[in-house]
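**Student:** One structure, pasted below without further comment.
A short reminder: the numbers here are calculations on the coordinates, not readings from a lab. All values derive from a computational prediction rather than experimental measurement. Note that we place each Cβ from the backbone using ideal geometry, even for glycine, and neighbour counts take in every protein chain shown.
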Amino acid sequence: MSDRTLPVGIAGAGLMGRWHAHAAARTGGRVLGVADPDLGRARRLAEAHPGARAFSEAGPMLAALELRALHVCSPLATHAVLVESALERGLDVLVEKPLAQDAATTERLSIEAERAGRLLVPVHQYPFQRGFSRARAGLERSGPLRHAEMTLCTAGGAGRDERGLAELVAEILPHPLSVAQSLFRPRIHEVAWSVERFASGEVLVQGRDGALAFRALVSAASRPPESSLSLRGERGTWRVDFFHGYANFEPGSVGRSAKILRPFGQSARNLLAASSNLARRTAAGESAYPGLRALVSAFYRAAREQGPPPIEPAAVRELALVRDRLLADLS
């Protein structure tokens with residue numbers, strides 16, 4: 001194993017565990033172990049990574065293998081125990097969102113990571129997507145930003161009862177909050193936030209700071225599934241597709257001819273952006289979850305070089321506090 005290859009373990013062999021292992025193998029990691037209560041599922045994922053071993057529990061995996069980092073991809077209720085176990089063994093930890101069930105637990109785990117001198121990073125991959133990064137870097141084209149409007153329509157609520165839908169919304173909230181955190185200049189806990197539930201699994205989150213208004217619709221009922229963002233400025237609008245990881249810019253032209261030609265221009269820009277993005281992702285073997293690989297790569301780089309984390313601890317704590325505040329308002 002190369003000195004630059006990071007030996008890692010995967011806790012949770014479900015959908016996200018598979019994608020984390022996929023990203024690890026392509027960003028300088030080597031999967032040495034997979035732990036899941038369903039040992040058959042752990043074995044199937046381990047078999048896809050030569051030399052990896054399967055375990056029914058994470059504890060024995062951490063004790064048996066010489067790992068440098070742990071990917072926590074298990075249910076939310078297990079996150080805190082797994083993070084603590086990994087930190088006790090001197091590992092850096094990458095955790096699926098939300099990092100913990102509440103802000104108090106997030107704060108405690110963050111402090112433990114800082115005391116241990118280890119990385120503790122949640123998977124807020126949206127800000128690491130190529131499309132969003134391009135739009136954020138190109139905001140001078142749109143002029144002063146006035147509105148950020150996000151739509152998240154998920155099919156993940158199928159078959160869930162009211163409690164399950166509420167849990168789904170709570171798990172999705174880090175996505176719009178991490179995007180807002182990348183856009184608002186002040187810390188997001190200083191932003192005036194409000195939240196409204198229309199029905200089970202239907203939530204509208206709004207925040208405002210000065211002239212910039214942020215709005216995010218989270219829906220488990222609306223179709224088709226969508227995860228998108230419009231950044232509206234005084235000279236034009238950036239449109240970001242988070243499902244596919246690309247963005248395009250619509251100039252703010254006015255006048256009769258501009259109105260007539262607008263739908264044709266929108267279609268052409270979207271077709272060009274979607275086509276080039278598909279070609280790039282196909283060549284890279286990135287068929288799902290754009291942004292995850294970039295975040296994993298940044299996490300590994302920080303772990304190898306003992307550098308700053310890709311998401312600062314203060315930002316992690318702040319997002320958890322705002323999420324708690326919104327969930328309290330919904331209860």
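**Student:** Relative to the longest principal axis of the C-alpha atoms of the chain, give the angle of the C-alpha long axis of helix 256-284, reported between 0 and 90° and rounded to the nearest 10°.
**Tutor:** Tilt of helix 256-284: around 20 degrees.
**Student:** Which one of Ala113, Ala86, Ala279 has the biggest mean-square fluctuation once the chain is modelled by GNM with Cα springs under 10 Å?
**Tutor:** Of Ala113, Ala86, Ala279, the Gaussian network model singles out Ala279 as fluctuating most.
**Student:** With springs only between Cα atoms under 10 Å apart, run a GNM on the chain and tell me which of Arg197, Arg68, Arg215 wobbles the most.
**Tutor:** Top of the fluctuation ranking is Arg197.
**Student:** Hey, another quick one. Could you put Lys97, Lys259 in order, starting from the residue whose Cβ has the fewest other Cβ atoms within 10 Å? All intermediate terms of the calculation are to be shown ahead of the outcome.
**Tutor:** Values: Lys97 22, Lys259 10.
So the residues, fewest neighbours to most, are Lys259, Lys97.
**Student:** Any chance you could give the angle, 0 to 90 degrees and rounded to 10, that helix 15-25 forms with the longest Cα principal axis of the chain?
**Tutor:** Between helix and principal axis, roughly 80 degrees.
**Student:** Could you put Ile260, Ile188, Ile311 in order, starting from the residue whose Cβ has the fewest other Cβ atoms within 10 Å?
**Tutor:** Working: Ile260 9, Ile188 21, Ile311 24.
If I rank by nearby Cβ atoms, fewest first, I get Ile260, Ile188, Ile311.
**Student:** Can you tell which of Phe264, Leu152, Phe242 lies farthest toward the positive end of the dipole of the range 127-284, using +1 and -1 charges on the Cβ of basic and acidic side chains (Lys, Arg; Asp, Glu)?
**Tutor:** Phe264
**Student:** If you don't mind, there's one more thing I want to ask. If one takes the longest principal axis of the Cα atoms in the chain, at what angle in degrees, from 0 to 90 and to the nearest 10, does the Cα axis of helix 103-116 lie?
**Tutor:** 50
**Student:** Over 10 Å intervals from 0, what percent of Cα-Cα pairs in the range 127-284 sits in each interval?
**Tutor:** Distribution as computed: 10, 35, 34, 18, 2, 0 percent.
**Student:** Pull out the extension gain between Arg89 and Gln101, defined as 0.36 nm times the separation in residues minus the alpha carbon to alpha carbon distance; nm, one decimal.
**Tutor:** Values: separation 12, 0.36 × 12 = 4.32 nm, distance 2.25 nm.
Result: 2.1 nm gained on full extension.
**Student:** Set the Förster radius R0 to 30 Å, insert the Cβ-Cβ distance between Glu114 and Phe198 as r into 1/(1 + (r/R0)^6), and round the FRET efficiency to 0.05. Let's see the in-between values first.
**Tutor:** Values: r = 40 Å, r/R0 = 1.33.
So the FRET efficiency works out to roughly 0.15.
**Student:** Same structure again: For a quick check, take a GNM of the chain with Cα springs below 10 Å and name the residue from Ala211, Ala35, Ala63 with the largest mean-square fluctuation.
**Tutor:** Among Ala211, Ala35, Ala63, the largest GNM mean-square fluctuation belongs to Ala211.
**Student:** Still on this structure, I have one more. Exposure proxy check: Phe198, Phe214 ranked by fewest other beta carbons within 10 Å? Don't skip to the end; give the middle numbers.
**Tutor:** Numbers: Phe198 11, Phe214 24.
Going from least to most buried by this count: Phe198, Phe214.
**Student:** Calculate the FRET efficiency for Arg163 and Gln306 from the Cβ-Cβ distance with a Förster distance of 35 Å, rounded to the nearest 0.05.
**Tutor:** The computed FRET efficiency comes out at 0.25.
**Student:** What is the magnitude of the charge dipole of the range 65-147 about its Cα centre, with +1 placed on the Cβ of each Lys and Arg, -1 on the Cβ of each Asp and Glu, and no other charges, expressed in debye to the nearest 20?
**Tutor:** Dipole of the range 65-147, to the nearest 20 debye: 580 debye.
**Student:** Right, another one. Quantify how much of the Cα-Cα distance distribution of the chain extends past 25 Å, in percent.
**Tutor:** Working: 29446 of 54615 pairs.
That tail contains 54 percent of the Cα-Cα pairs.
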